[in-house]
Amino acid sequence: MNQFSIGGTEFGIEPGKSGVAIEVDSHIEDRAFLSINVAGSDALFADLTSAENSEWAWVLYPPRLYLSKIPISAQDRLRGEEFRLVDVGECEIGIYMMEHCDVYEVAITLYAGDALRVRGTVNVFGSPAPFSMTFGR
C-alpha cells in the first residue's frame, strides 16, 4: 500500500510524479545509491485543502519527499531491515512543502522489487512532526 503522511494527515502518493531508483556503483563493489522522489496525491490534497479552516489550507500544492544518491550496500537492498541515516547533513534529503523542510531521525527499510519505507521527523515551519512514506508495496 502506497502512503505518505505528515503528522496525522495522509497525503497519499501521486504515482505519475513519484519514483524510486537504485543505481549500482560501477567503481566500488557492494555499493549503490538510492534516490527517491515522492509527491503527495493531487486529488487527496485538493480534498484536504478545500475547507478554509483546514490545517493545510495555506499550502498551495502537495508535499514532496526527496532523497538523492543515498549510499547503500547490496545487503541493505536485500535484507528488509531498517537502517538509519546517521548524518542527514551529508545527504540531499528533505520534504518540500512551500519551502524546503529539514528532516531528521530518518530510517529507511528496503524490500525486494524496489519497495521501501521511509520514516522520520520533519520540521514544518518550526514545528516538528513525524512523517512516514511507503512506496511500491
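A few notes on this one:
- Neighbours by Cβ (under 6 Å, 6+ apart or cross-chain): first from segment 109-132, without any contact (Cβ under 8 Å) to a residue 12 or more places away in the chain and within 30 Å of residue 58 (Cβ to Cβ); second of a type in the set (S, T, N, Q) and in a strand (DSSP E or B): 128/121
- Qualifying residue in segment 45-57 (condition: among the aliphatic types (A, V, I, L, M) and touching a residue at least 40 places away in the same chain (Cβ under 8 Å)): no
- Extreme residue, farthest from residue 13 (Cα to Cα), among residues of segment 32-55 that are modelled with pLDDT under 90 and touching a strand residue (DSSP E or B) at 6+ places or on another chain (Cβ under 8 Å): 32
Residues checked against (1) of a type outside the set (Lys, Arg); (2) over 15 Å from residue 123 (Cβ atoms); (3) surrounded by fewer than 18 Cβ atoms within 10 Å (Cβ to Cβ); (4) modelled with pLDDT under 85:
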{"residue": "69", "(1), (2), (3), (4)": "no, yes, yes, yes"}
{"residue": "74", "(1), (2), (3), (4)": "yes, yes, yes, yes"}
{"residue": "79", "(1), (2), (3), (4)": "no, yes, yes, yes"}
{"residue": "88", "(1), (2), (3), (4)": "yes, no, no, yes"}
{"residue": "95", "(1), (2), (3), (4)": "yes, no, no, no"}
{"residue": "98", "(1), (2), (3), (4)": "yes, no, yes, no"}
{"residue": "104", "(1), (2), (3), (4)": "yes, no, yes, no"}
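- Qualifying positions in segment 32-44 - in a strand (DSSP E or B) and hydrophobic (A, V, I, L, M, F, W, C): 32, 33, 34, 36, 38, 39
- Flag for residue 93 being within 22 Å of residue 60 (Cα to Cα) and of a type in the set (Val, Ile, Thr): yes
- Cβ-Cβ distances below 9 Å connect the following pairs, each with a first residue in segment 24-37 that is free of Cβ contacts under 8 Å to residues at least 60 places away in the same chain and among the aromatic types (Phe, Trp, Tyr), a second residue that is surrounded by 10 or more Cβ atoms within 10 Å (Cβ to Cβ) and outside any strand (DSSP E or B), and a separation of six or more residues or different chains: 33/25.
- Scan of segment 1-26 for residues that are outside any strand (DSSP E or B) and loosely packed, with under 15 Cβ neighbours inside 10 Å, ordered by number: 1, 7, 8, 15, 16, 17, 25, 26
- Yes/no for residue 29 being of a type outside the set (Lys, Arg), modelled with pLDDT under 90, in a loop (DSSP other than H, G, I, E, B) and surrounded by fewer than 13 Cβ atoms within 10 Å (Cβ to Cβ): yes
- Members of segment 1-56 found to be more than 19 Å from residue 124 (Cα to Cα) and of a type in the set (D, E, K, R), listed by number: 14, 17, 23, 25, 29, 30, 31, 42, 47, 52
The values are calculated or read from the model by the stated rules, or taken from the named source; none is laboratory data. Not measured: the values here are computed from a predicted model. With ideal geometry, Cβ positions are generated from the backbone for all residues, glycine too; neighbour counts draw on all protein chains shown.
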